[in-house]
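Derivation of every value follows stated rules applied to the coordinates shown; laboratory data play no part. Remember, predicted model here, so these are calculated numbers, not experimental data. Here the Cβ positions follow ideal geometry from the backbone for every residue, glycine too, while neighbour counts run over all protein chains shown.
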Amino acid sequence: MPEVRVADLSALLGGECIGRGDLLVSRIGTLLDADENTVSFLANPRYEPQLAATRAGCVIVSPRHRAQAMSLPSAVVCEDPYWAYARLTQWWAKARTGLEADAPEAGGVHVSAVVDATADVHPTARVEALAVIGPGAQVGPGAHVGSHAVMEAFSSLGADSSLRPRTVLGRGCSVGERCILHPGVVIGADGFGFAPHQGRWEKIEQLGAVRIGHDVEIGANTCVDRGALEDTVIEDGVKLDNLIQIGHNVRIGAHTAMAGCVGVAGSARIGAHCTVGGGAIILGHLELADHVHVSAATVVTRSISKPGQYSGVYPFDENAAWEKNAATLRQLHGLRDRIRALEKATS
Amino acid sequence: MPEVRVADLSALLGGECIGRGDLLVSRIGTLLDADENTVSFLANPRYEPQLAATRAGCVIVSPRHRAQAMSLPSAVVCEDPYWAYARLTQWWAKARTGLEADAPEAGGVHVSAVVDATADVHPTARVEALAVIGPGAQVGPGAHVGSHAVMEAFSSLGADSSLRPRTVLGRGCSVGERCILHPGVVIGADGFGFAPHQGRWEKIEQLGAVRIGHDVEIGANTCVDRGALEDTVIEDGVKLDNLIQIGHNVRIGAHTAMAGCVGVAGSARIGAHCTVGGGAIILGHLELADHVHVSAATVVTRSISKPGQYSGVYPFDENAAWEKNAATLRQLHGLRDRIRALEKATS
Amino acid sequence: MPEVRVADLSALLGGECIGRGDLLVSRIGTLLDADENTVSFLANPRYEPQLAATRAGCVIVSPRHRAQAMSLPSAVVCEDPYWAYARLTQWWAKARTGLEADAPEAGGVHVSAVVDATADVHPTARVEALAVIGPGAQVGPGAHVGSHAVMEAFSSLGADSSLRPRTVLGRGCSVGERCILHPGVVIGADGFGFAPHQGRWEKIEQLGAVRIGHDVEIGANTCVDRGALEDTVIEDGVKLDNLIQIGHNVRIGAHTAMAGCVGVAGSARIGAHCTVGGGAIILGHLELADHVHVSAATVVTRSISKPGQYSGVYPFDENAAWEKNAATLRQLHGLRDRIRALEKATS
């Protein structure tokens, strides 16, 4: 594990060091779970009471908690402690990797990988065991193709991007720089397109591809389908969690984030800086403006042109209570009519 | 890219050629996005206004738009333009493949594939890099086993069917002819069967298999579980989108289509020619008649014996409005009682 | 197929043999589908009428049906027929495997597997074609690593556990004994953690791992993310169906079972002996007590401290009826106010 002086850590994060700058920390932990070797952080006001009680050697706090932090062995004061924590984890992960026995070497292609002679793999890229790279595919500098990853013909992976094990990057699809695709991701399967004809479905070949921007992260077993005629597009900085379905010809605006199990149907256009909660469904051919926030498990059935928070979840209850209310819900329209009738009768 | 004379394209689609039959098109596109080298189509009445404005060299139209199409450089008149478009994409995809550097050869097994000595792979089948084919498995004429696909023991893949990269066809499971299974599909994992006993779950071994008919397409990362005693059955022409869960002993009738993220619980029987919208859930042991259409995100909690469209989605709203209505929903049964009391009082 | 005398089968299950103990059965089937070579069972009272009509050679029944079973060729009387059926399938599956041509040998590593020199694979473990086992990984006695499974560095798989084909066990993650992970499972992908900063998302490296207890079964394409700082924990005897998402730092108590397509958001703590129906969503940072049962497709938005059944499903209806009621639902709060006004007016 990495070990670091609090003063160095403070410099790294661009914060102000308080207390013992020479103290060594070797672990990141929550306030509750900390010991003297732990660096912790206070970002959520909800955990404020834990600051007084923590045994952490160092806590990253905002200027608002400067005075309180004086009583700790040490602290780092930063404008945005959560952001500082994020950067700290990044530094930590890198430092940890360097210490470990299996640190990856500079680059190279594992002997068991199957790389087409016409593929263009940068010498600084790392291709792991049993990966398959097809004709004309391109792997950029510093990129990583994990075990069992499949890059189909003419696909491309940008600099410093990582295909984790068991991902598929489909024919002609492209991924920008500094992206992470987690295990099981499928980019560029056929979109769901069929023409009904005499009771059968005639396949519409999907002739578009998928284009993914820079700094995109895509969670395990998430799928992004290729476009029917034009491309499906994921813009820069988008973060998709696990088990998400993105239909063909969808466009997701920059820096939008979606939690697990979301489904976005074909040709929907999601704005930039949106968030979509877990299990939400967005129907096809809709448009969501920038800065739209959809609550978990909400079904978006029409376009949303105004930024804001939108919800549509059935409130859960003890089963017996739910049953009564749900049964009444089926008669709701009739109840409204009865209220109207009463209003007339009493007016 | 393929290049084709409009007259030839018209013959191919069995349509009537209008205007310049000698015109060459080399691209399929939407009316809006077209240029003079583009063949486009008008299928959805919603896009009718775009017909006058399009720059397409050729448009596929229905007889209803014959007169209007006269003013275009060229047109193909077909009874069903959307079906014609589907067949055009199929021709296009085949023609394109023939032109490309990586056109697959007639057949053969990649040197890195692991094929059991007792497997029966037809000489015209194509087995790609690092595929695994187990004992007694059968691969039909013209079939395709993609990179990293796994065919377990005694599974079979019919003529001209394709296992895309990273699919699993489980032990003893069968796939008919002309099927496509997209990356990450898992056919024949164990159904979810356990007997509760003294607070623990005793596994019920799943002794059935999965039988898939002809012309079935299954989307990326979709799962179809093997049956407990009898088989799970997917009939001819069924189309399943991505990330769908089909429980054990389900039967899906011919030419039924399901959009992404649908879940069908064990032993449900879905009729033929049904459609199920994205994110819908169908509970176990239910029966849906033929020609039942379930809207997206609807939860089907009892059998449906009458064809028609069924829905059950909570209407979404701005968060503040939703909160008020949702809170009231919890008291709905009480409201009904109050309406009754009012009716008595005023009668 | 295995063939067994009813008397032996009765001894195996610890039941009482009635009728012809020398009768041979060679198939397990439902009461409806049985023939004279079939052993069937009656567990669900719903199928009681089928007992009189069945053609099964042997039926497993509870003491309550002892008298009725006298008229069958043979029967096995057990306290818990469903549990007996479960154990019978286990015996059957084992017997069947022993009879088949491809019975796995005692252990060994397939020549095409890529096993790091520092990995510790027990000699009785079986590693199949093209599996990848990273540095420092451990595979216990009798364990099974399927084709294309990937065990990342320092991961461990306990005795008699099975990684089915195409699973990923992430870096440093551990699986206990007698577990089954079905194809496509991803254990230990990064949790979904980002700090918002100036309109972008800063990655929070996920420094925890996933710890899975004994006797856990995880369905196809299900994902369990690694923890942010501490570990994600799945306790003993948990059963997860297909396509489930378990967020980072979730803890699932012993012997809890979840059906397909469930999503559990980060840091939720689920008690022991719970059940969660298909498609349910459990929001993050919630606590569910032991013995909480969540109905299918229910969205759990707050903690539940009392055991019991909880539901929250929008009742589906014919589309026209649903449309009317759903439109009225948007005015529900207003309706309540109108009822209040009426009550005032008439009081």
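What ranking do C:40, A:305 get, fewest neighbouring Cβ atoms within 10 angstrom at the top? Provide the component values of the computation, followed by the final result.
Details: C:40 30, A:305 10.
In increasing order of surrounding Cβ atoms, one gets A:305, C:40.
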If one puts a single equal scatterer on every Cα of the stretch B:1-60 and applies the Debye formula without solvent, what log₁₀ I(q)/I(0) results at q = 0.13, 0.15, 0.25 Å⁻¹?
-0.30, -0.40, -1.04
Rounded to whole angstrom, the alpha-carbon centroid of the stretch A:247-286 lies from that of the stretch C:237-299 at a distance of 24
For residue B:121, list long-range residues whose amide hydrogen, built 1.01 Å from N in the peptide plane, is under 5 Å from its own amide hydrogen.
B:139
Picking from C:337, C:241, C:231, which is most flexible by a Gaussian network model of chain C using Cα springs under 10 Å?
C:337
Diffing the stretch B:183-195: the Karplus 3J(HN,Hα) column from phi (6.51, -1.76, 1.60, θ = phi - 60°), in whole Hz with x for Gly and Pro, holds x, x, 4, 10, 9, x, 5, 4, x, 8, x, 9, 9
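May I ask which of A:94/C:203; A:344/B:324; A:344/C:344 have a Cα-Cα span longer than 19 Å here? Can you show the working numbers first?
Details: A:94/C:203 13 Å; A:344/B:324 26 Å; A:344/C:344 15 Å.
The answer is A:344/B:324.
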What distance in nm separates the simple spin-label points at residue B:16 and residue A:93, each placed 7 Å from Cα in the Cβ direction?
6.3
Among DSSP beta bridges whose residues both lie in chain C, state the antiparallel percentage, nearest 5.
15
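What average count of beta carbons from other chains do you get within 10 Å of the Cβ of residues in C:146-154?
On the way: counts 4, 10, 13, 3, 10, 2, 6, 3, 3.
Rounded to a whole number, the mean comes out at 6.
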Between copies, how far does the label point of residue A:47 sit from its twins, in nm, shortest first, when each point is 7 Å from Cα along Cα→Cβ?
5.1, 5.1
In order over the stretch A:80-96: 3J(HN,Hα) from phi, Karplus 6.51/-1.76/1.60, θ = phi - 60°, whole Hz, x for each Gly or Pro, gives 10, x, 6, 5, 4, 4, 4, 5, 4, 4, 5, 4, 4, 4, 5, 4, 4
Per residue of C:80-86, other chain Cβ atoms within 10 Å number on average 5
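Under a Cβ-Cβ cut-off of 9 Å, what is the net charge of the residues other than residue C:29 that fall near it, where Lys and Arg count +1 and Asp and Glu count -1?
Numbers: positive: C:27; negative: B:230, C:33, C:35.
Overall, the nearby charge balance is -2.
If I take every Cα pair under 8 Å that is 6 or more residues apart in the stretch C:157-281, average their sequence separation and divide by the length, what percent do I get for the relative contact order? Mind dumping the intermediate values first?
Details: 404 pairs, mean separation 22.4, N = 125.
Reported as a whole number, the value is 18 percent.
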Is there a simple number for the mean count of other chain Cβ atoms within 10 Å of the Cβ of residues in B:286-297, and what is it?
3
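Which whole-number value in Å³ per residue fits the convex hull of the alpha carbons of chain B?
Details: hull volume 79.1 nm³, N = 347.
Considering the Cα atoms of chain B, their hull volume per residue is 228 Å³.
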Provide, in order from the shortest bin, the percent of all Cα-Cα pairs of the stretch C:120-234 in each 5 Å bin, continuing until the bin that contains the maximum pair distance.
3, 13, 22, 26, 15, 9, 5, 3, 2, 1, 0
Relative contact order (%) - chain A, alpha-carbon pairs under 8 angstrom, separation at least six:
6
One point scatterer per Cα, no solvent, Debye formula: log10 I(q)/I(0) for the stretch A:108-310 at q = 0.12 Å⁻¹ comes out as -0.58
Per DSSP H run of n ≥ 4, the term is -39500 (n - 2.57); total these for the protein assembly as shown, divide by its residue number, and report the mean residue ellipticity at 222 nm rounded to 500 deg cm²/dmol.
-5500 deg cm²/dmol
Note down the nm distance, to one decimal, between modelled labels 7 Å out along Cα→Cβ at residue C:66 and at residue C:44.
2.7
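Quick check: from the Cα gyration tensor, does the stretch A:4-99 come out rounded (a/c under 1.5), prolate or oblate? Working shown, then result.
Details: a/c = 1.42, a/b = 1.41, b/c = 1.01.
Cα axes put the stretch A:4-99 in the rounded bin.
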If you average 1/r across every pair of different Cα atoms in the protein assembly as shown and take the reciprocal, what Kirkwood value do you get, in Å?
30.5
Name the shape class, rounded, prolate or oblate, that the alpha-carbon gyration tensor gives for the stretch A:284-347, where a ≥ b ≥ c are the square roots of its eigenvalues, rounded holds for a/c under 1.5, and otherwise prolate holds if a/b is larger than b/c and oblate otherwise.
oblate
Per 0.36 nm of contour for each residue apart, how much would the distance between residue C:303 and residue C:200 grow if the chain were fully extended, relative to their Cα-Cα spacing?
34.0 nm
At residue B:198, with labels set 7 Å past Cα in the Cβ direction, how many nm apart are the copies from this one, shortest first?
6.3, 6.3
In whole Hz, with x marking every Gly and Pro, tabulate ³J(HN,Hα) for the stretch C:3-13 from phi via Karplus 6.51 cos²θ - 1.76 cosθ + 1.60, θ = phi - 60°.
10, 9, 6, 4, 4, 5, 4, 5, 4, 4, 8
Taking a label point 7 Å from Cα toward Cβ, how far is residue C:320 from its twins in the other copies, in nm, shortest first?
3.8, 3.8
Net charge over other residues, Cβ less than 10 angstrom from the Cβ of residue B:141 (K, R count +1; D, E count -1):
-2
Go ahead and set up a Gaussian network model of chain B, Cα springs under 10 Å, then flag whichever of B:211, B:126, B:20 fluctuates most.
B:20
Can you tell me which of C:271, C:191, C:15 moves the most in a GNM of chain C? Springs connect C-alpha atoms under 10 Å apart.
C:15
Pull up all non-local amide H partners of residue A:108: gap of 5 or more, or a different chain, and H-to-H distance under 5 Å with H placed in the peptide plane.
A:125, A:126, A:127
